[in-house]
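Below you'll find the structure I mean.
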Amino acid sequence: MKILVPVKRVLDYNVKARVKADGTGVDLANVKMSINPFDEIAVEEAVKLKEAGKATEIVVVSIGPAQAQDTIRAAMAMGADRGILVETTEAIDLGGIEPLHVAKILQKIIGEEAPNLVIMGKQSIDDDSNQTGQMLAALLGWPQATFASKVVLGDGSAEVTREIDGGLETLKVSLPAIITTDLRLNTPRYAALPNIMKAKSKPLANKKIEEFGIDTTPRLKIVSVAEPEKRKGGIKVETVDALVDKLKNEAKVI
Ligand code: AMP
(Lines give C-alpha, C1' and ligand atoms only; values in the text may rest on other atoms or scores of the structure.)
Protein backbone atom coordinates (compact mmCIF):
# COMPACT_ATOMS: atom_id res chain seq x y z
CA MET A 1 0.00 0.00 0.00
CA LYS A 2 1.56 3.24 -1.18
CA ILE A 3 0.23 6.53 0.24
CA LEU A 4 0.78 9.87 -1.47
CA VAL A 5 0.58 13.02 0.63
CA PRO A 6 0.57 16.47 -1.03
CA VAL A 7 2.03 19.12 1.31
CA LYS A 8 1.93 22.87 0.78
CA ARG A 9 4.37 25.48 2.08
CA VAL A 10 2.34 28.26 3.67
CA LEU A 11 2.75 31.23 6.00
CA ASP A 12 3.27 29.77 9.49
CA TYR A 13 0.00 29.77 11.41
CA ASN A 14 1.59 31.71 14.30
CA VAL A 15 2.64 34.60 12.06
CA LYS A 16 0.34 37.60 11.81
CA ALA A 17 -0.31 38.13 8.09
CA ARG A 18 0.62 41.59 6.76
CA VAL A 19 -1.12 42.84 3.66
CA LYS A 20 1.18 44.32 1.00
CA ALA A 21 1.01 48.11 0.78
CA ASP A 22 -0.47 47.97 -2.74
CA GLY A 23 -3.27 45.62 -1.60
CA THR A 24 -2.32 42.87 -4.08
CA GLY A 25 -1.72 40.11 -1.55
CA VAL A 26 -0.03 39.08 1.67
CA ASP A 27 3.58 40.09 2.24
CA LEU A 28 5.67 36.90 2.42
CA ALA A 29 9.09 38.57 2.51
CA ASN A 30 11.19 37.41 5.48
CA VAL A 31 8.35 35.66 7.31
CA LYS A 32 8.36 32.14 8.71
CA MET A 33 6.84 29.58 6.35
CA SER A 34 5.80 26.08 7.41
CA ILE A 35 3.97 22.99 6.29
CA ASN A 36 0.21 23.61 6.00
CA PRO A 37 -1.22 22.34 9.34
CA PHE A 38 -3.84 20.10 7.68
CA ASP A 39 -1.07 18.53 5.57
CA GLU A 40 0.93 17.84 8.72
CA ILE A 41 -2.13 15.94 9.97
CA ALA A 42 -2.21 14.05 6.63
CA VAL A 43 1.46 13.08 7.01
CA GLU A 44 0.84 11.95 10.60
CA GLU A 45 -2.06 9.76 9.50
CA ALA A 46 0.01 8.18 6.74
CA VAL A 47 2.90 7.52 9.15
CA LYS A 48 0.51 5.95 11.67
CA LEU A 49 -0.84 3.66 8.95
CA LYS A 50 2.71 2.68 8.06
CA GLU A 51 3.59 2.02 11.71
CA ALA A 52 0.45 -0.14 11.99
CA GLY A 53 1.75 -2.23 9.08
CA LYS A 54 -1.03 -1.09 6.75
CA ALA A 55 1.13 1.01 4.44
CA THR A 56 4.55 0.32 3.02
CA GLU A 57 5.61 3.60 1.43
CA ILE A 58 4.76 7.27 1.92
CA VAL A 59 5.57 9.73 -0.86
CA VAL A 60 5.15 13.47 -0.24
CA VAL A 61 4.73 15.99 -3.05
CA SER A 62 4.97 19.76 -2.90
CA ILE A 63 4.40 22.25 -5.67
CA GLY A 64 6.12 25.48 -4.83
CA PRO A 65 9.40 27.43 -4.75
CA ALA A 66 12.78 25.76 -4.18
CA GLN A 67 12.30 26.39 -0.42
CA ALA A 68 9.35 23.95 -0.44
CA GLN A 69 12.15 21.36 -0.09
CA ASP A 70 12.13 22.27 3.61
CA THR A 71 8.44 21.43 3.76
CA ILE A 72 9.11 18.04 2.17
CA ARG A 73 12.03 17.41 4.56
CA ALA A 74 9.76 18.28 7.50
CA ALA A 75 7.32 15.59 6.32
CA MET A 76 10.21 13.14 5.90
CA ALA A 77 11.41 13.90 9.42
CA MET A 78 7.95 12.81 10.62
CA GLY A 79 8.33 9.51 8.75
CA ALA A 80 7.59 9.95 5.02
CA ASP A 81 9.97 7.92 2.84
CA ARG A 82 10.52 9.98 -0.26
CA GLY A 83 9.66 13.35 -1.74
CA ILE A 84 8.90 15.02 -5.05
CA LEU A 85 9.30 18.78 -5.45
CA VAL A 86 7.58 20.41 -8.41
CA GLU A 87 9.38 23.71 -8.58
CA THR A 88 7.68 26.86 -9.76
CA THR A 89 8.68 30.49 -9.70
CA GLU A 90 5.05 31.62 -9.69
CA ALA A 91 3.23 32.33 -6.43
CA ILE A 92 1.39 29.28 -5.07
CA ASP A 93 -1.68 31.22 -4.19
CA LEU A 94 -4.75 32.66 -5.83
CA GLY A 95 -3.69 34.61 -8.90
CA GLY A 96 -0.66 32.28 -9.30
CA ILE A 97 -0.70 28.47 -9.11
CA GLU A 98 -4.31 27.74 -8.17
CA PRO A 99 -6.06 24.60 -6.86
CA LEU A 100 -7.01 23.41 -10.37
CA HIS A 101 -3.39 23.65 -11.53
CA VAL A 102 -2.20 21.80 -8.42
CA ALA A 103 -4.87 19.11 -8.94
CA LYS A 104 -3.78 18.61 -12.57
CA ILE A 105 -0.12 18.27 -11.60
CA LEU A 106 -1.02 15.82 -8.82
CA GLN A 107 -3.13 13.85 -11.31
CA LYS A 108 -0.04 13.39 -13.51
CA ILE A 109 2.17 12.42 -10.56
CA ILE A 110 -0.46 9.94 -9.41
CA GLY A 111 -0.48 8.50 -12.95
CA GLU A 112 3.25 7.77 -12.56
CA GLU A 113 3.32 6.77 -8.90
CA ALA A 114 0.07 4.76 -8.77
CA PRO A 115 -0.59 5.19 -5.04
CA ASN A 116 -3.43 3.23 -3.40
CA LEU A 117 -4.45 6.19 -1.28
CA VAL A 118 -3.99 9.97 -1.27
CA ILE A 119 -4.29 11.74 2.07
CA MET A 120 -4.23 15.54 1.88
CA GLY A 121 -5.34 18.60 3.82
CA LYS A 122 -8.94 19.77 3.61
CA GLN A 123 -7.66 23.28 2.94
CA SER A 124 -4.56 25.42 2.77
CA ILE A 125 -4.54 28.05 5.49
CA ASP A 126 -3.26 30.74 3.11
CA ASP A 127 -5.97 30.80 0.44
CA ASP A 128 -8.56 28.70 2.33
CA SER A 129 -9.71 27.32 -1.02
CA ASN A 130 -10.79 23.84 0.12
CA GLN A 131 -10.83 22.74 -3.53
CA THR A 132 -7.75 20.73 -4.47
CA GLY A 133 -8.81 17.36 -3.02
CA GLN A 134 -12.25 17.53 -4.55
CA MET A 135 -10.91 18.61 -7.96
CA LEU A 136 -8.28 15.88 -7.88
CA ALA A 137 -10.88 13.20 -7.11
CA ALA A 138 -13.01 14.48 -10.01
CA LEU A 139 -10.07 14.51 -12.44
CA LEU A 140 -9.08 10.97 -11.48
CA GLY A 141 -12.64 9.65 -11.21
CA TRP A 142 -11.76 8.38 -7.71
CA PRO A 143 -14.02 8.32 -4.66
CA GLN A 144 -13.43 11.08 -2.12
CA ALA A 145 -13.98 11.32 1.63
CA THR A 146 -13.43 14.88 2.79
CA PHE A 147 -13.06 16.38 6.32
CA ALA A 148 -11.94 13.09 7.85
CA SER A 149 -11.83 12.79 11.64
CA LYS A 150 -11.22 9.01 11.63
CA VAL A 151 -9.80 6.64 9.02
CA VAL A 152 -9.99 2.84 9.23
CA LEU A 153 -8.31 1.00 6.38
CA GLY A 154 -9.89 -2.26 5.30
CA ASP A 155 -9.12 -4.64 2.47
CA GLY A 156 -9.42 -2.57 -0.70
CA SER A 157 -11.55 0.05 1.05
CA ALA A 158 -11.46 2.69 3.79
CA GLU A 159 -14.07 3.64 6.33
CA VAL A 160 -13.89 7.35 6.91
CA THR A 161 -15.73 9.34 9.57
CA ARG A 162 -16.40 12.88 8.35
CA GLU A 163 -17.13 16.04 10.28
CA ILE A 164 -20.27 17.57 8.86
CA ASP A 165 -22.55 20.34 10.11
CA GLY A 166 -25.04 17.94 11.68
CA GLY A 167 -22.40 15.80 13.45
CA LEU A 168 -20.46 12.83 12.12
CA GLU A 169 -21.01 10.80 8.98
CA THR A 170 -19.23 7.54 8.16
CA LEU A 171 -18.53 6.61 4.55
CA LYS A 172 -16.97 3.54 3.02
CA VAL A 173 -14.88 4.29 -0.08
CA SER A 174 -13.19 1.79 -2.34
CA LEU A 175 -9.47 2.30 -2.96
CA PRO A 176 -7.79 4.09 -4.58
CA ALA A 177 -9.41 7.14 -3.05
CA ILE A 178 -8.77 10.69 -1.90
CA ILE A 179 -9.12 11.49 1.79
CA THR A 180 -8.88 15.05 3.10
CA THR A 181 -8.06 15.67 6.75
CA ASP A 182 -9.90 17.67 9.37
CA LEU A 183 -8.37 19.04 12.55
CA ARG A 184 -9.46 16.29 14.93
CA LEU A 185 -8.06 13.36 12.89
CA ASN A 186 -4.87 13.22 14.99
CA THR A 187 -2.19 15.27 16.73
CA PRO A 188 0.94 15.43 14.59
CA ARG A 189 4.16 14.33 16.28
CA TYR A 190 7.19 16.53 16.78
CA ALA A 191 10.06 15.22 14.71
CA ALA A 192 12.96 14.05 16.90
CA LEU A 193 16.43 15.40 16.09
CA PRO A 194 17.80 12.04 14.80
CA ASN A 195 14.81 11.83 12.43
CA ILE A 196 15.42 15.39 11.22
CA MET A 197 19.02 14.37 10.45
CA LYS A 198 17.88 11.13 8.77
CA ALA A 199 15.38 13.06 6.62
CA LYS A 200 18.26 14.97 5.01
CA SER A 201 19.41 11.84 3.21
CA LYS A 202 16.01 10.54 2.09
CA PRO A 203 15.41 10.68 -1.70
CA LEU A 204 13.93 13.91 -3.05
CA ALA A 205 13.23 14.23 -6.78
CA ASN A 206 13.30 17.73 -8.24
CA LYS A 207 10.99 18.48 -11.15
CA LYS A 208 10.06 21.72 -12.87
CA ILE A 209 6.44 22.71 -13.34
CA GLU A 210 7.04 23.17 -17.09
CA GLU A 211 7.67 19.40 -17.41
CA PHE A 212 3.98 18.80 -16.72
CA GLY A 213 2.67 20.80 -19.68
CA ILE A 214 -0.16 22.31 -17.60
CA ASP A 215 -1.72 25.62 -18.59
CA THR A 216 -1.14 27.68 -15.45
CA THR A 217 -2.90 30.81 -16.64
CA PRO A 218 -4.74 32.13 -13.56
CA ARG A 219 -8.50 31.52 -13.70
CA LEU A 220 -9.09 33.96 -10.88
CA LYS A 221 -8.19 37.62 -10.56
CA ILE A 222 -7.53 39.12 -7.16
CA VAL A 223 -9.44 42.39 -7.00
CA SER A 224 -8.03 43.52 -3.67
CA VAL A 225 -6.67 42.17 -0.40
CA ALA A 226 -7.40 44.11 2.79
CA GLU A 227 -6.86 43.68 6.52
CA PRO A 228 -10.00 42.93 8.52
CA GLU A 229 -11.47 46.02 10.16
CA LYS A 230 -9.76 46.72 13.49
CA ARG A 231 -11.90 45.64 16.43
CA LYS A 232 -12.84 48.49 18.76
CA GLY A 233 -12.06 47.92 22.44
CA GLY A 234 -14.94 46.57 24.55
CA ILE A 235 -16.46 48.13 27.65
CA LYS A 236 -17.97 46.68 30.82
CA VAL A 237 -21.47 47.73 31.80
CA GLU A 238 -22.63 47.82 35.43
CA THR A 239 -26.22 46.67 35.03
CA VAL A 240 -28.46 44.63 32.75
CA ASP A 241 -30.46 47.79 32.04
CA ALA A 242 -27.33 49.56 30.82
CA LEU A 243 -26.57 46.56 28.57
CA VAL A 244 -30.07 46.54 27.11
CA ASP A 245 -29.88 50.29 26.57
CA LYS A 246 -26.60 49.94 24.64
CA LEU A 247 -27.89 47.04 22.56
CA LYS A 248 -31.00 49.07 21.71
CA ASN A 249 -29.61 52.54 21.20
CA GLU A 250 -25.96 52.09 20.20
CA ALA A 251 -25.61 48.68 18.59
CA LYS A 252 -29.22 48.80 17.42
CA VAL A 253 -29.43 45.01 17.48
CA ILE A 254 -32.66 44.79 19.50
P1 AMP B 1 -6.65 24.11 -1.04
O2 AMP B 1 -7.59 23.54 -2.03
O3 AMP B 1 -5.71 25.14 -1.63
O4 AMP B 1 -7.34 24.65 0.20
O5 AMP B 1 -5.67 22.93 -0.55
C6 AMP B 1 -6.13 21.68 -0.09
C7 AMP B 1 -4.98 20.70 0.01
O8 AMP B 1 -4.41 20.49 -1.29
C9 AMP B 1 -3.80 21.14 0.87
O10 AMP B 1 -4.06 20.90 2.24
C11 AMP B 1 -2.68 20.27 0.32
O12 AMP B 1 -2.76 18.94 0.80
C13 AMP B 1 -3.00 20.26 -1.18
N14 AMP B 1 -2.27 21.33 -1.88
C15 AMP B 1 -2.75 22.55 -2.23
N16 AMP B 1 -1.78 23.28 -2.82
C17 AMP B 1 -0.66 22.51 -2.84
C18 AMP B 1 0.68 22.67 -3.31
N19 AMP B 1 1.08 23.82 -3.88
N20 AMP B 1 1.54 21.64 -3.17
C21 AMP B 1 1.16 20.49 -2.58
N22 AMP B 1 -0.09 20.28 -2.12
C23 AMP B 1 -0.98 21.26 -2.24
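The values are calculated or read from the model by the stated rules, or taken from the named source; none is laboratory data. Worth saying up front: this structure is predicted, and the values here are computed from it rather than measured. As a convention, Cβ positions derive from the backbone with ideal geometry for all residues, glycine included, and neighbour counts pool all protein chains shown. Remember, those area values only see protein heavy atoms, side chains included, never the ligands or the DNA or RNA. Shrake-Rupley method; radii C 1.70, N 1.55, O 1.52, S 1.80 Å.
In the chain, carbon and sulfur make up what percent of the accessible area (probe 1.4 Å)?
After summing per-atom areas, the C and S share lands at 53 percent.
Follow-up question, since we're still on this one. Residue farthest toward the positive end of the dipole of segment 2-249, with Cβ of Lys/Arg at +1 and Asp/Glu at -1: which of GLY79, VAL173, LEU185?
GLY79
Same structure again: Counting only heavy atoms of the protein chains, get the accessible area per residue of the chain (1.4 Å probe) and round it to a whole Å² value.
With all protein chains present, the chain gives 55 Å² per residue.
Sticking with this structure for a sec: Tell me the volume per residue, in Å³, of the convex hull enclosing the alpha carbons of the chain.
It comes to 185 Å³ per residue, whole-number rounded.
By accessible area of protein heavy atoms, probe 1.4 Å, what ranking do ASP182, ASP126, ASP165, ASP70 get, highest first?
Values: ASP182 10, ASP126 55, ASP165 170, ASP70 110 Å².
Greatest to least solvent exposure: ASP165, ASP70, ASP126, ASP182.
Can you tally the net charge around PRO176? Count Lys and Arg as +1, Asp and Glu as -1, for every other residue whose Cβ sits under 12 Å from the Cβ of PRO176.
0
Further question: What is the extension gain from ASP22 to ASP245, computed as 0.36 nm multiplied by their sequence separation minus the C-alpha to C-alpha distance, in nm to one decimal?
76.1 nm
If you take every residue apart from ILE97 with its C-beta less than 15 Å away from the C-beta of ILE97, what net charge results, scoring Lys and Arg +1 and Asp and Glu -1? Don't jump to the answer; show the numbers that get you there.
Values: positive: LYS8, ARG9, LYS104, LYS108, LYS207, LYS208, ARG219, LYS221; negative: GLU87, GLU90, ASP93, GLU98, ASP126, ASP127, GLU210, GLU211, ASP215.
That sum, taken over residues with Cβ under 15 Å, equals -1.
Is segment 123-200 rounded, prolate or oblate when judged by the Cα gyration tensor, a ≥ b ≥ c being the square roots of its eigenvalues, rounded requiring a/c under 1.5 and prolate requiring a/b larger than b/c?
Because a/c hits 1.5 or more and a/b exceeds b/c, segment 123-200 counts as prolate.
Pop out the Kirkwood hydrodynamic radius of segment 133-176 from its pairwise C-alpha distances, inverse of mean 1/r, in Å to one decimal.
10.9
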